[in-house]
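Novice: One structure, pasted below without further comment.
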């Protein structure tokens, strides 16, 4: 689950991480009031920042500096309601519904800090780079040595000597080292205690007066941990997510929309990945990842089918089920019910194996609906790709 910058900064503030003073605004009037409050407190300028779940906002015109309250109001009026297009939103862009109005800072250096789970090492890695303000992917591609790494023992956490090592290598001044160690330690504590899967401070800034700030903040959370964090779960903004993915989450279905035209419904994440691979091998493109899970019932299968068909780019459907916990006859009943309810006209290719497979095939055969039954995954992929092509 992703959250907005202002929400991430709210979490970091609780852990003692220094962030600029600022307020959110959903209207031009609220933006003017927030800017006035900051100028009255002594700010020399304010930053008007669009709040969407995507990076590259500055390049897309979603981050602007205002030198007066009036200018802040004008910029807020332009940014609010705009469709902001960045390299992460895709060409469709994202509608800006909310702004963050923050004080400007006397920035001396822009640095980078990030924490992620390194799957290969099976532990968190704390990353730092002097190339702050840039896209870290670009830095990694062009100059991988510019990214400093400290692997963290989960039982020990980020140790002070590791933070000091990173601070010195970033070129911070001697008087800033202790502050940097406290900053990084608090950052890791927030990452660990919130069950975050990614935390990124880009840029992490050193000011001319020696202060250190998280000028931007990005946090992503492990969905499987949200039951432990009801406060974090409440931060979810469904308007920033794909509507079909939001709908799928209501029924505990794992759905991710993709760019192809072959709809896939599978039970089990591994089989779903293999199914997408074999569809591509057959010359097609999957329209989604949809794992109904091992314990799905007929109702969930029906909902899964409706969500899959709501994607107008789908031209044919491949249902690939290995019946274990989810019996094939249960799946077949769900498919027949969903097909009748949605009055589907698209070709449906099925490959079924496992528990009660014969009963499942009998249900499909007696349904009176025009299903295409395949014997193997290869056969199913070839048939569904051919059907999608018309």
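Laboratory data are not the source of any read-out in this text; all were calculated from the coordinates shown. Keep in mind the model is a prediction, meaning the values are calculated, not measured. Ideal geometry is used to build each Cβ from the backbone, glycine not excepted, and the neighbour counts take in all protein chains shown.
Novice: How large is log10 I(q)/I(0) at q = 0.18, 0.25, 0.27 Å⁻¹ when the Debye formula is applied to the Cα atoms of the stretch 325-377, each weighted equally and without solvent?
Specialist: The Cα Debye sum returns log10 ratios of -0.53, -1.01, -1.14.
Novice: Two decimals, Cα atoms only, Kirkwood Rh: what is Rg/Rh over the stretch 242-388?
Specialist: With Rg and the Kirkwood Rh in hand, the quotient comes to 0.91.
Novice: Report, in deg cm²/dmol and to the nearest 500, the calculated mean residue ellipticity at 222 nm for the chain, where each DSSP H run with n ≥ 4 adds -39500 (n - 2.57) and the sum is divided by the residue count.
Specialist: The helix-only estimate for the chain comes to -11000 deg cm²/dmol at 222 nm.
Novice: Oh, and also: On average over all directions, what projected area in square nanometres does the stretch 246-294 have, based on the convex hull of its Cα atoms?
Specialist: 3.1
Novice: Still on this structure: Specify the angular offset, from 0 to 90 degrees and rounded to the nearest 10, of the alpha carbon long axis of helix 69-79 from the longest principal axis of the alpha carbons in the chain.
Specialist: Once rounded, the angle reads 20 degrees.
Novice: Over the stretch 81-148, how many percent of alpha carbon pairs lie in each 5 Å bin up to the one with the longest distance?
Specialist: 4, 12, 14, 15, 18, 19, 13, 5, 0
Novice: For the stretch 128-215, what ratio Rg/Rh do Cα atoms give with a Kirkwood hydrodynamic radius?
Specialist: 0.95
Novice: Separation between the residue 355 and residue 169 pseudo-spin-labels, each 7 Å from Cα along Cα→Cβ, expressed in nm?
Specialist: Spacing of the two 7 Å Cα→Cβ label points: 5.1 nm.
Novice: If you average over every viewing direction, what projected area does the convex hull of the Cα atoms of the stretch 163-266 give, in nm²?
Specialist: Hull-based average projected area comes out at 9.8 nm².
Novice: For the stretch 326-346 and the stretch 59-110, what is the separation of their C-alpha centers, rounded to whole Å?
Specialist: Cα centroid to Cα centroid, the span is 47 Å.
Novice: So, in nm, how far is label residue 239 from label residue 13 when the simple model puts each one 7 Å beyond its Cα toward the Cβ?
Specialist: Those two pseudo-labels are separated by 2.1 nm.
Novice: Rounded to two decimals, what is Rg over Rh for the stretch 50-167 when you use alpha-carbon atoms and the Kirkwood radius?
Specialist: 1.06
Novice: Rounded to two decimals, what is the ratio between the C-alpha radius of gyration of the chain and 2.2 N^0.38 Å?
Specialist: Output field value: 1.19.
Novice: How far is helix 28-40 tilted off the main Cα axis of the chain, in degrees rounded to 10, range 0 to 90?
Specialist: Value to nearest ten degrees: 30.
Novice: If a paramagnetic tag sat 7 Å from the Cα of residue 285 along the Cα-Cβ line, which residues of the stretch 368-387 would have the backbone N under 19 Å from that point?
Specialist: Under 19 Å, as judged by backbone N against the label point of residue 285, lie 381-387 of the stretch 368-387.
Novice: Please compute the length gained on full extension between residue 120 and residue 134, using 0.36 nm multiplied by the number of residues separating them and subtracting their Cα-Cα distance.
Specialist: 2.5 nm
Novice: Which order, highest average first, do 254-264, 19-29 follow once you tally other Cβ atoms within 10 Å for each residue and take the mean per peptide?
Specialist: Taking the mean over residues of other Cβ atoms within 10 Å, the ranking is 254-264, 19-29.
Novice: Regarding the stretch 21-104, what's the average projected area of the Cα-atom convex hull, expressed in nm²?
Specialist: 4.6
Novice: Any chance you could give the angle, 0 to 90 degrees and rounded to 10, that helix 160-169 forms with the longest Cα principal axis of the chain?
Specialist: Approximately 70 degrees, to the nearest 10.
Novice: If r is the Cβ-Cβ distance from residue 178 to residue 225 and R0 is 51 Å, what FRET efficiency results, to the nearest 0.05?
Specialist: For residue 178 and residue 225, the calculated efficiency is 0.95.
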